[in-house]
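Heads up: the structure comes next, in structure tokens.
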């Protein structure tokens, strides 16, 4: 993706896209769990009901025209950045990988 195009489609300055790319770079991400798995994850994390409703309303559905390639890029890079900020992730269980659905 070209930063100028991505910024225009997201409605943000190109500097913000460059910053996300610079910070997250090519770090590995973690795939988003399946929407069907979200209730169990929310329960385990003790997410408040009003927050849970907001999370589910914005959950990216596969093939949804609302989740453009730019938004998926931003979600992937944001996840990679959070994962990098956590440091060594050897002790962090990936709920998708533990079921054989991701890395």
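The values are calculated or read from the model by the stated rules, or taken from the named source; none is laboratory data. A quick note: this is a predicted structure, and the numbers were derived from the prediction, not measured. Cβ atoms come from the backbone with ideal geometry, glycine included; neighbour counts cover every protein chain shown.
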- Query: Can you pull out the residues in region 9-36 that are surrounded by 13 or more Cβ atoms within 10 Å (Cβ to Cβ), in contact with a helix residue (DSSP H, G or I) (Cβ under 8 Å, 6 or more places away or on another chain) and either in a helix (DSSP H, G or I) or free of Cβ contacts under 8 Å to residues at least 24 places away in the same chain (or both)?
  - Reply: 9, 10, 14, 16, 17, 18, 20, 21, 23, 24
- Message: Being surrounded by 14 or more Cβ atoms within 10 Å (Cβ to Cβ) and modelled with pLDDT of 90 or more: is that true of residue 42 here?
- Response: yes
- Query: Looking only at residues in region 46-67 that are outside any loop (DSSP other than H, G, I, E, B) and within 17 Å of the chain's Cα centre (by Cα), which one is farthest from residue 85 (Cα to Cα)?
  - Reply: 57
